[in-house]
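*Asks:* This structure is in structure tokens; I'll ask about it shortly.
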């Protein structure tokens with residue numbers, strides 16, 4: 001996938017001054033979190049995942065730890081769901097644009113995919129009538145992501161419940177990627193899997209919490225048969241997770257109220273910086289995000305510009321990296337900007353470099 005081939009870690013972080021391509025909060029240092037793992041016994045862990053970690057994950061819901069399967073990041077969870085539920089020729093509906101794995105894995109399987117287009121022109125609003133019309137009697141899976149990556153679009157709880165009603169009526173399943181759930185500017189959505197046994201929720205420690213290095217994600221689902229299938233898939237792939245990663249995740253979530261508060265404050269601060277930037281220039285346009293830590297602006301259509309040269313100059317002359325639109329199978333006039341990974345001064349500098357590059361090419 002282009003998003004992986006061209007990832008900044010491959011290009012070299014040392015070669016990028018302003019990294020606006022990342023889709024998570026700033027990577028955290030273990031020593032800053034007050035986490036100690038010195039006494040940890042390095043055993044094979046529980047195949048479902050550390051019980052106390054699973055209990056914390058559902059502590060704000062009516063679900064039980066048995067409804068949770070811990071995985072090495074959300075990407076593995078998404079892969080396991082797709083490969084467990086879909087065979088070649090099976091039909092699914094997936095929102096597009098989207099996190100690439102949500103599209104590429106079903107495509108690699110050979111699934112028959114109908115795309116629910118997320119359109120800039122209508123503010124990335126989810127069209128429930130269109131969604132319902134795309135679901136067929138043989139549809140195995142509907143895949144949605146909220147808060148949305150890469151746009152930051154969000155739905156409210158009433159809309160989520162309507163989606164679930166449609167999925168239940170059509171006798172299919174909903175894969176709900178809620179990796180950015182903790183990062184909502186509006187009231188947080190409930191954990192979707194707690195609303196129906198037809199829903200599979202996926203999330204992780206990587207994006208909201210800035211802990212991608214521990215590779216911890218999870219699947220939540222009330223369907224016991226499906227969870228047994230997913231557990232079997234996990235056991236075939238890796239048996240169990242790293243107990244080190246699970247312990248770090250457990251200790252973090254055990255202190256989440258304290259540790260996550262400054263994260264939320266920083267995201268808010270950077271979001272205000274971004275909003276101020278967008279309102280004081282006329283070269284880019286956007287749909288203002290409602291959650292997450294990414295947005296998906298585009299170069300205005302009335303500006304004649306060589307977009308390939310734009311990305312080349314922005315990176316090679318100004319050492320500023322954004323996520324180009326083709327990462328999400330969109331026009332390269334679009335760019336995903338992550339506004340909470342780098343320092344605020346680097347965010348401001350990178351945004352300024354985008355305008356300098358555009359002015360240079362006009």
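The values are calculated or read from the model by the stated rules, or taken from the named source; none is laboratory data. It should be emphasised that the depicted structure is a prediction, and the values quoted were computed from it without experimental measurement. Positions of Cβ are backbone-derived with ideal geometry, glycine not excepted, and every protein chain shown enters the neighbour counts.
*Asks:* For the stretch 276-303, give me the residue count where each residue is surrounded by fewer than 15 Cβ atoms within 10 Å (Cβ to Cβ) and more than 19 Å from residue 360 (Cα to Cα).
*Replies:* 2
*Asks:* Right, residue 95: part of a strand (DSSP E or B) and either more than 19 Å from the chain's Cα centre (by Cα) or assigned by TED's automatic domain parsing to the domain that holds residue 156 (or both) or not?
*Replies:* yes
*Asks:* Which of the residues belonging to the stretch 324-362 are buried (at least 18 other Cβ atoms within 10 Å of the Cβ) and within 13 Å of residue 97 (Cα to Cα)?
*Replies:* The answer is 324, 325, 327, 328, 330, 334, 335, 336.
*Asks:* Does residue 19 satisfy being out of contact with any helix residue (DSSP H, G or I) (no Cβ under 7 Å at 6 or more places or on another chain) and touching a residue at least 60 places away in the same chain (Cβ under 8 Å)?
*Replies:* Taking the combined requirement at face value, the residue does not satisfy it.
*Asks:* Counting just the residues of the stretch 46-77 that are part of a helix (DSSP H, G or I) and touching a strand residue (DSSP E or B) at 6+ places or on another chain (Cβ under 6 Å), which one comes out nearest to residue 220 (Cα to Cα)?
*Replies:* Filtering first and then ranking leaves 67.
*Asks:* Among 55, 60, which is in the same structural domain as residue 220 (by TED's automatic domain parsing) and at pLDDT below 95?
*Replies:* 60
*Asks:* Quick one: how many residues across the stretch 173-191 are outside any helix (DSSP H, G or I) and closer than 23 Å to residue 75 by Cβ? Walk me through how you get there before you give the answer.
*Replies:* So in the stretch 173-191, the residues outside any helix (DSSP H, G or I) come out as 173-180, 184-191.
So of that shortlist, the ones also closer than 23 Å to residue 75 by Cβ come out as 173-180, 184, 188-189, 191.
Number of matching residues: 12.
*Asks:* Let me ask another. Go through (1) loosely packed, with under 14 Cβ neighbours inside 10 Å; (2) outside any loop (DSSP other than H, G, I, E, B) and name the single condition residue 38 misses.
*Replies:* (2)
*Asks:* Going by the structure shown, is residue 227 touching a residue at least 40 places away in the same chain (Cβ under 8 Å), closer than 26 Å to residue 103 by Cβ, buried (at least 19 other Cβ atoms within 10 Å of the Cβ) and more than 20 Å from the chain's Cα centre (by Cα)?
*Replies:* For residue 227, the condition - touching a residue at least 40 places away in the same chain (Cβ under 8 Å), closer than 26 Å to residue 103 by Cβ, buried (at least 19 other Cβ atoms within 10 Å of the Cβ) and more than 20 Å from the chain's Cα centre (by Cα) - is met.
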